[in-house]
């Protein structure tokens with residue numbers, strides 16, 4: 001690995017670590033924001049007169065399909081650790097696309113193949129059944145199970161950074177990443193930033209982090225969009 005690529009990798013890994021920590025922060029707080037926002041919406045709905053409640057009901061009935069208040073989303077279901085993994089994972093990290101290996105050309109590395117191979121190596125170490133068979137303590141087996149679930153989620157979402165980081169955490173013997181693989185981490189950073197932006201654009205998020213004026217504006221916007229109703233929020237102060 002050239003010095004230039006080495007420093008680029010170091011910088012990219014630091015950036016990826018930061019943005020993933022920021023995403024985790026947004027994901028955790030967004031759950032609290034959604035719950036608090038839902039509770040506030042329900043409280044305001046209960047405070048309406050019967051006449052205003054009927055106006056909202058008429059508006060909802062006129063929608064196709066009918067609109068409804070947002071419910072607090074459940075945590076995404078992670079893959080079950082009992083899912084089968086390859087009993088004989090390949091330890092060869094170099095993969096090529098046959099179509100791009102014409103004579104005189106540098107074979108192109110397949111991200112899909114590399115993700116699969118690295119995940120299999122991680123699964124060989126972290127799958128709960130395999131961890132338990134090595135005589136690890138319950139605490140260590142649970143740690144391996146969590147790593148396995150993270151790795152499986154990273155594999156399924158094509159997140160090279162997370163998978164690569166788990167491999168490093170497990171001290172797996174992996175080759176120095178190529179320039180293309182560093183580019184995959186940079187792609188992961190862009191996707192993660194987009195996820196953060198989506199959370200930060202939620203009405204519930206604006207309500208959660210805003211001052212009193214921002215909270216009223218967020219609630220008013222929601223009632224207008226979801227119920228076609230201009231809520232007299234000043235009357236609730």
Taking into account only those residues within region 188-208 that are surrounded by fewer than 15 Cβ atoms within 10 Å (Cβ to Cβ) and in contact with a helix residue (DSSP H, G or I) (Cβ under 8 Å, 6 or more places away or on another chain), which is farthest from residue 110 (Cα to Cα)?
-> 200
Test set (1) touching a helix residue (DSSP H, G or I) at 6+ places or on another chain (Cβ under 6 Å); (2) surrounded by fewer than 19 Cβ atoms within 10 Å (Cβ to Cβ) - residue 162 fails condition number = (2)
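Since every read-out is calculated from the coordinates, none of them should be taken as a lab result. What you see is a predicted model, and the numbers here were worked out from it, not measured in a lab. Cβ sites come from the backbone with ideal geometry, for glycine too, and all protein chains shown count toward neighbours.
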